[in-house]
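Working notes, beginning with the structure itself.
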Amino acid sequence: MSIRLNTKYLDKFITEEELRSMQGQVSDAAAKVENGTGLGADHLGWYTLPVDYDKDEFARIKAAAKRIRENTDVFIIIGIGGSYLGARAAIEFIKTPNYNALTKDSPQIYYAGNNMSASALGELIALCEGKRVTLDVVSKSGTTTEPGIAFRVLRALVEKQNGGDAEKIKEHIYVTTDKAKGALKTLADAKGYEEFVVPDDIGGRYSVLSAVGLLPIAVAGCDIDELMRGAADMKAELAKSGCVLENDCYKYAAIRNILYSKGKALEIFVGFDPAMTMTAEWWKQLYGESEGKNGKGLFPTSVIDTTDLHSLGQIIQQGRRIMFETFCDVKSCGCDISIPTDSDNLDQLNYIADKGITVSRVNSVAMEATCIAHTDGGVPCVLIELEDRSEYTFGQFVFFFELACAVSGYILGVNPFDQPGVEGYKKNMFALLGKEGAEYDAIRAKLGK
Ligand code: PA5
């Protein structure tokens, strides 16, 4: 397997006995996922997805990606939350966060509809000038305000670029939404845009291995067969043992709940490479939306080191002891750089250079040093080791953390598949924007508007 859990820094925080004592809860939670007997069981489609996916649609995704790579200069993924985070995480992890600057043979890739910033949208419109633009609008509900507005604006741009020619426009707009209902589905049917499906039984944050993630990831030139193979292999591996001491995924879920029960309120995802930045964002949404309800849940946050060791490192080392960290250590980033010897040695780095220690080696030593320091400072450090930044490893990573999240959420006693709390701001926003309806009238009356 390309992913392993290493508990070597946890000895002084969790005993083997404590882990063993979680076996019953872990088994119950895992059975709820396996048998569909827990809360939100109608949203378990992600669990079988790595092996049970629509092969015809998969082939269509590959064909569409090939066309887009040939006829597009700027490819824009319009979506928010689970409708874009997984794709962006995968592209930046597998390729690079500097994708647009470094890619030569693929369309430039941008993201829209994940905020309400007029300047962000305006800048995107400006950079589309004179470029062949293709849109992939992704929304399960088809009614989310942020992507809805961005799609209206960018669709007008694509229509204008193609002189209003319906056939040409169809080559530059793709829709990923519900298979049967919603405003986006209705529009796509009417206009004849090519459609891909967000399966009914898969929520946004668990959807990266569906068309939601696969089309953009394939457009970026990643091998989506390898991605699915990684996820399927991880599923098979994790099915081998239900023992909390042997199954890394269950062990991680148990560790999180033990630390939570000991008063830890925050889990910090730690990457040691900027390529992990969006992976951390994906992970934060997955865990935050899945567990943060009923007054419960670890607050998921993230740092990218060594960068953040020079900012948040201070509070992690010596602030309130309310957090633990989950380090994701990528063993090989596929590149290394030697450090030149300098006869003046004014920066006193020859002690590294003379020994032939490379930049990657310094990074991995920095991670080890950080784990030791934070452990000494009273911060439990979970270590997840990843082989590399391949598609295969990313597929394994996704399934590992999705299953761990579901099991962990069930241990916590919540429904890991709903997100009722996100409606709060929406209702107020609709009311303040003057949307019609008794519900919004009541909010306006309450707010005195
Ligand atoms: O995980 C989720 O369900 C959410 O983050 C959604 O993905 C997000 O709110 C976007 O919803 P939709 O795809 O319906 O536009």
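Every number in this text was worked out from the coordinates using simple rules, so none of it is lab data. The structure displayed is predicted, hence computed values, not measured ones. Note that we place each Cβ from the backbone using ideal geometry, even for glycine, and neighbour counts take in every protein chain shown.
Details
- For the stretch 417-423, 3J(HN,Hα) computed residue by residue from phi via the Karplus equation (6.51, -1.76, 1.60; θ = phi - 60°) reads 10, 10, 8, x, x, 6, 6 Hz, glycine and proline entered as x.
- Listed peptides 15-26, 246-257, 206-217 by packing density, highest first (mean Cβ within 10 Å): 206-217, 246-257, 15-26
- The relative contact order of the stretch 45-222, computed from alpha carbon pairs under 8 Å that lie at least 6 residues apart in sequence, is 32 percent.
- On Cα atoms only, tilt of 118-127 relative to the major axis of the chain in degrees: 80
- Ranked for footprinting exposure by Cβ neighbours inside 10 Å, fewest first, 351, 9 give 351, 9.
- Residue 62/residue 265 FRET efficiency (R0 60 Å; Cβ-Cβ; nearest 0.05): 0.85
- Ordering of 327-337, 310-320, 42-52, 390-400 by burial proxy (mean other Cβ atoms within 10 Å per residue, highest first): 390-400, 42-52, 327-337, 310-320
- Under the Karplus curve 6.51 cos²θ - 1.76 cosθ + 1.60, θ = phi - 60°, whole-Hz ³J(HN,Hα) for the stretch 105-115, x wherever Gly or Pro sits: 10, 10, x, 5, 10, 10, 10, 9, x, 10, 7
- Within the shell defined by Cβ-Cβ distances under 14 Å, the residues around residue 313 carry a net charge of -4, with Lys and Arg each +1 and Asp and Glu each -1.
- The protection proxy used here, the mean number of other Cβ atoms lying within 10 Å of each residue, ranks peptides 376-384, 32-40 as follows, highest first: 376-384, 32-40.
- Antiparallel beta bridges, as assigned by DSSP with both residues in the chain, represent about 10 percent of the total such bridges.
- Scanning residues 5 or more positions from residue 382 or on other chains, those with amide H under 5 Å from its amide H are 325, 326, 327, with H placed 1.01 Å from N in the peptide plane.
- Cα shape, the stretch 45-222, gyration tensor, a/c 1.5 rule: rounded
- Footprinting exposure proxy ranking of 4, 389, fewest other C-beta atoms within 10 angstrom first, gives 4, 389.
- For the chain, averaging the sequence separation of C-alpha pairs within contact (under 8 Å, six or more residues apart) and dividing by the residue count gives a relative contact order of 23 percent.
- Fewest-first sequence of 155, 88 by Cβ atoms within 10 Å of each Cβ: 155, 88
- Each of 107, 82, 206 was placed along the dipole of the stretch 45-222 (beta-carbon charges, centred on the mean Cα), and the one lying farthest toward the positive end is 107.
- In nm, spacing of pseudo-spin labels at residue 27 and residue 229 (7 Å Cα→C-beta vector): 3.6
- GNM flexibility winner over the chain from 122, 81, 292 (Cα, springs under 10 Å): 122
- Amide H partners (placed H, <5 Å) of residue 302, local residues excluded: 269
- Gaussian network model of the chain, springs between alpha carbon atoms under 10 Å - residue of 343, 261, 139 with greatest fluctuation: 343
- Plainly put, the chain has a radius of gyration that is 0.99 times its Kirkwood radius, both from alpha-carbon atoms, as the Rg/Rh ratio.
- Cβ-defined net charge surrounding residue 77, 10 Å radius [Lys, Arg +1; Asp, Glu -1]: 0
- Evaluated with a Cβ-only charge set (Lys, Arg +1; Asp, Glu -1), the chain carries a dipole of roughly 1240 debye about its Cα centre, given to the nearest 20.
- Charge tally in the Cβ shell below 15 Å around residue 385, where Lys, Arg are +1 and Asp, Glu are -1, residue 385 excluded: -3
- Backbone HN-Hα couplings from phi across the stretch 305-317 [Karplus 6.51/-1.76/1.60, Hz, Gly and Pro as x]: 9, 7, 3, 7, 5, 9, 9, 6, x, 4, 6, 5, 5
- Among 392, 372, 404 - extreme Cα towards positive end, dipole of the stretch 361-432, charges at beta-carbon: 404
- Filter on 55/185; 296/426; 160/185; 12/355; 235/262; 95/191 - keep pairs with C-alpha separation over 24 Å: 12/355; 235/262; 95/191
- Between helix 55-71 and the chain there is an angle of about 80 degrees, using the helix long axis and the longest principal axis of the Cα atoms.
- The long axis of helix 23-35 is offset from the longest Cα principal axis of the chain by roughly 20 degrees.
- For the stretch 115-185, the square roots of the Cα gyration tensor eigenvalues, ordered a ≥ b ≥ c, give a/c of at least 1.5 with a/b no greater than b/c, which places it in the oblate category.
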